[in-house]
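See structure below.
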């Protein structure tokens, strides 16, 4: 369960975990020994943070999809602004 809580924390923060076993233990409600073993086995220490390659890929995929949605949303707004009376014309035909 501690492993899942570390993964959930990673996804919630959308960033690597801090290099403080005591703080991570407290945040996920586990003991420092278990957290230390899990970090050493499943994560990679990168500077002052613990990284998980799968989590990084999932976060990158999510962020790229969000950028695509924002880009598409902006394109749709621009197209609608070009036809300012489109909705009004449609509404007139219904009345």
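The values are calculated or read from the model by the stated rules, or taken from the named source; none is laboratory data. Computed from a predicted model, the values in this text were never measured in an experiment. Every residue, glycine among them, receives a Cβ derived from its backbone with ideal geometry; neighbour counts consider all protein chains shown.
Considering only residues of region 11-22 that are assigned to a helix (DSSP H, G or I) and more than 9 Å from the chain's Cα centre (by Cα), which is nearest to residue 48 (Cα to Cα)? Please lay out each step first, then the result.
We begin by selecting, within region 11-22, every residue assigned to a helix (DSSP H, G or I); these are 11-13, 21-22.
When the remaining residues are screened for being more than 9 Å from the chain's Cα centre (by Cα), the result is 21-22.
On the way: 21: 12, 22: 14 Å.
Within region 11-22, the match that is nearest to residue 48 (Cα to Cα) is 21.
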task: Would you be able to tell me the number of residues in region 36-63 that are under 14 Å from residue 10 (Cβ atoms) and assigned to a loop (DSSP other than H, G, I, E, B)?
output: 2
query: Can you name the condition, by its number, that residue 77 falls short on among (1) loosely packed, with under 12 Cβ neighbours inside 10 Å; (2) modelled with pLDDT of 95 or more?
result: (2)
statement: Scanning region 23-35 residue by residue, those within 24 Å of the chain's Cα centre (by Cα) and not in a loop (DSSP other than H, G, I, E, B) turn out to be 23, 24, 25, 26, 27, 28, 35
